[in-house]
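S.K.: Have a look at the structure that comes next, please.
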Amino acid sequence: MFDKILVANRGEIACRVLKSARKMGIKTVAVYSDADRNALHVQMADEAVHIGASPSTQSYLVQERIIQACKDTGAQAVHPGYGFLSENSAFCEALAKAGIVFIGPNTHAIQAMGDKITSKKLADEAGVNTIPGFEGVLRDADHAIEVANEIGYPVMLKASAGGGGKGMRVARNDAECRDGFERAANEARSSFGDDRMLAEKFIEEPRHIEIQVMADCHGNVVYLNERECSLQRRHQKVIEEAPSPFLDAATRKQMGEQAVALARAVDYQSAGTVEFIVDPKRHFYFLEMNTRLQVEHPVTELTTGLDLVELMIRVAAGEKLPVAQEDIGIKGWAIESRVYAEDPFRNFLPSTGRLVHYQPPDDGEHVRVDTGVFEGGEVSMYYDPMIAKLITWGADRNEAITRMRAALDRFVIRGVSCNLAFLSALMAHPRYVSGEISTNTIAEEYPEGFSPEDLPHEDPAVIICVAAAMARRYRDRAALIHGQLGGHERRVPADWVVIMNGEQHPVSVVAENGGCQVGYGGKTYQVDSDWAFGQKLFAGTIDGREIFVQVERKAQVYRLSRGGSQSDVLVLTPRAAELMEYMPVKAPPDTSKQLISPMPGLLVSVAVAEGQEVKAGEELAVLEAMKMENTLRAERNGTVTKVHFEPGASLEVGNIIMEFE
């Protein structure tokens, strides 16, 4: 076994690998860029080596510096995590020449499966079902249109070296094909340094289901069941689960055996994932093989009881797999939600900045949080916007969903925008609860994007009772302080008015035995909690039912969040509530004649010029942030009067890119 390994990655996956290595008694080395000097993975490792500037092309993707770090620290092996150099065969070869073990598959497997053209041919030869498509690389946009018409729309355009939703577009006509080819090729060139594009038939109403395989160097290969990864936005996975609510035992066995056959065909060693597209009739087709650890591997770990990172390390050290196929079962159900620094109410624009408050749900027997951040840390513009992976386990799917909904309510993130509200809405959506999902679900359910109106609306009594109980505690404390200073009796009235969403709700609040009774709507609710002033999470019960509500207090306003919904609440005396109706409302500034940068990033292109007329929906500029290109479009018709920035400019949030009249 290795004495010391280096983790050639950052963020949550670096921290995840470090945990397994520590458990195995192996010393660890972290590498870091300028932006990650104080990162969590640097703090967790036994040693840390600086490898360059913040952009990944000057640090995490520089093979020579990582190999030198191994030599300088005596690391015998490298775990690449996912992304960056994890599927780079040249890196694998360079490590071998330096006498350093790559904790992953061999070079042949990486090369064969890393190229979608080669991998599809090998899959076909190994007896794996494949999708109809064009066998070759598209020369340009015109060639893409020609091929698409031969295959028949809709087609999927995807980068040969792509992954993670980058370099992929669905085209349903010639115009979409041309635009999709150019956008996907640009993303692929930026993310992978390889802009070769492929085309294949797009399967309607598909599910994305993948098989986890594990192989050693002694000829043993097993499959560790499947993961359902169909809930995706822009081909980026959002929620994953194991097992799939769609597969039956026979299909699972067929998919698993085909995945094993493909692994054997390339002499695979280590952890790998064979991804399939599955149609409504359970016909499945090979999509690609990822020759690395997947982001969503925790759901497999929780349902098999196996540590995939530990198995990867042991296999790389030459050990045999400790399990055979007949030893692998399915234990309960696990769900993973990807928590991203992005604003779901602004078309999921990336968000960067400091995590002013970061309080993940307490790790328990059935809740797991894989993260690479901490309170006070930074979410950088240079890397993927993932904050954490939240995973819950249950004896069955309903129990796992229930625990996930509660865990999302308990996850406190402030300082950057995040997608917790969106995840909560998905968890409560009837299509997800029923398991009737596909890779189109999010696009179909939120065709105009995600908005507050899309959130599930529960009984307002929960928020009203919590607001009333909190207000009562503040009033009791104020009365106590006043009485201590002035010698007067405490006098806190019982009758109040809760103002929420512009509506007034009369309540009565009586403190009793450490809790309080709230009278509302003709009912009396018993509210109990040990919540203390300043805490960001109100955890307690209402009539014995457990509830979690996130709390922010600004002056007299309580901002309360639960189930993804957010409400600004005032608790006033009846007289103050009566007068509140006469208070003027300040109108927000008019920015309708400006194109404002919604996030920090690089201005890739400007599609218009001063004096040019534009129409609603027309492309104005493309902004790149966190490895993704974002097209900014006109919201109304107008004429461009001033362009303030040129392509190549680095923009901050709020920069006015151009103005209109």
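S.K.: So which residues in region 511-523 are exposed (fewer than 13 other Cβ atoms within 10 Å of the Cβ) and part of a strand (DSSP E or B), if there are any at all?
M.R.: Listed by number, the residues that qualify are Glu512, Lys523.
Here's the yes/no breakdown for (1) of a type in the set (A, V, I, L, M); (2) outside any helix (DSSP H, G or I); (3) over 16 Å from Asp343 (Cβ atoms):
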site	(1), (2), (3)
Asp409	no, no, yes
Val416	yes, yes, no
Leu423	yes, no, no
Ala443	yes, no, yes
Glu448	no, yes, no
Pro456	no, yes, yes
Val462	yes, no, yes
Val466	yes, no, yes
Ala471	yes, no, yes
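S.K.: While we're on this one: I'd like the full set of residues that are surrounded by fewer than 16 Cβ atoms within 10 Å (Cβ to Cβ) and of a type outside the set (D, E, K, R), limited to region 131-155.
M.R.: Scanning region 131-155 gives Pro132, Gly136, Val137, Asn149, Gly152, Tyr153.
S.K.: Here is a further query. Just one of (1) touching a helix residue (DSSP H, G or I) at 6+ places or on another chain (Cβ under 9 Å); (2) within 13 Å of Ala215 (Cβ to Cβ) trips up Thr300, so point out which.
M.R.: Of everything listed in (1) touching a helix residue (DSSP H, G or I) at 6+ places or on another chain (Cβ under 9 Å); (2) within 13 Å of Ala215 (Cβ to Cβ), Thr300 misses just condition (2).
S.K.: Taking region 149-200, which residues are within 21 Å of the chain's Cα centre (by Cα) and either hydroxyl-bearing (Ser, Thr, Tyr) or under 18 Å from Val604 (Cα atoms) (or both)?
M.R.: Lys166, Gly167, Ala184, Glu187, Ala188, Ser190, Ser191, Phe192
S.K.: I'd like the full set of residues that are crowded, with 24+ Cβ neighbours inside 10 Å and either over 26 Å from Val101 (Cα atoms) or acidic (Asp, Glu) (or both), limited to region 245-275.
M.R.: Answer for region 245-275, where residues must be crowded, with 24+ Cβ neighbours inside 10 Å and either over 26 Å from Val101 (Cα atoms) or acidic (Asp, Glu) (or both): just Met255.
S.K.: How about region 257-290: which of its residues are in a loop (DSSP other than H, G, I, E, B) and closer than 23 Å to Pro206 by Cα?
M.R.: Asp279, Pro280, Lys281, Arg282, His283
S.K.: Take the residues of region 50-97 that are farther than 19 Å from Ile313 by Cα and touching a Gly at 6+ places or on another chain (Cβ under 7 Å): which is surrounded by the most Cβ atoms within 10 Å (Cβ to Cβ)?
M.R.: Only one residue fits best here, namely Ser59.
S.K.: Any idea which of Thr107, Thr28, Thr118 is out of contact with any Ser or Thr (no Cβ under 8 Å at 6 or more places or on another chain) and surrounded by fewer than 20 Cβ atoms within 10 Å (Cβ to Cβ)?
M.R.: Of the residues listed, the single one that is out of contact with any Ser or Thr (no Cβ under 8 Å at 6 or more places or on another chain) and surrounded by fewer than 20 Cβ atoms within 10 Å (Cβ to Cβ) is Thr118.
S.K.: In addition: For region 385-397, what are the residues that are surrounded by fewer than 21 Cβ atoms within 10 Å (Cβ to Cβ), in a loop (DSSP other than H, G, I, E, B) and either at pLDDT below 95 or among the small types (Gly, Ala, Ser) (or both)?
M.R.: Ala395
S.K.: Need a quick list: strands (runs of 3 or more DSSP E) entirely within region 552-648 having at least 3 residues that are under 27 Å from Gly162 (Cβ atoms).
M.R.: 601-606, 619-625, 628-633
S.K.: Also, quick follow-up: Within region 347-369, how many residues are crowded, with 16+ Cβ neighbours inside 10 Å and under 21 Å from Ala395 (Cα atoms)?
M.R.: Final tally of qualifying residues: 5.
S.K.: Taking the criterion of being among the small types (Gly, Ala, Ser), in a strand (DSSP E or B) and under 19 Å from Asn630 (Cα atoms), would at least one residue in region 150-159 satisfy it?
M.R.: yes
S.K.: Restricting to region 492-506, name every residue that is assigned to a strand (DSSP E or B) and either more than 9 Å from Pro574 (Cβ to Cβ) or not charged (D, E, K, R) (or both).
M.R.: Trp496, Val497, Val498, Ile499, Met500, Glu503, Gln504, His505, Pro506
S.K.: Taking the residues in region 6-25 that are in contact with a helix residue (DSSP H, G or I) (Cβ under 6 Å, 6 or more places away or on another chain) and crowded, with 21+ Cβ neighbours inside 10 Å as candidates, determine which candidate is farthest from Glu378 (Cα to Cα).
M.R.: Leu6
S.K.: Considering only region 224-237, I want to know if a residue exists there that is closer than 17 Å to Arg292 by Cβ and either in the same structural domain as Phe84 (by TED's automatic domain parsing) or in a loop (DSSP other than H, G, I, E, B) (or both).
M.R.: For region 224-237, residues closer than 17 Å to Arg292 by Cβ and either in the same structural domain as Phe84 (by TED's automatic domain parsing) or in a loop (DSSP other than H, G, I, E, B) (or both): absent.
The values are calculated or read from the model by the stated rules, or taken from the named source; none is laboratory data. The structure presented is a predicted model; accordingly, all values stated were derived computationally and were not measured. Note that each Cβ is placed from the backbone with ideal geometry, even for glycine, and that neighbours are counted across all protein chains shown.
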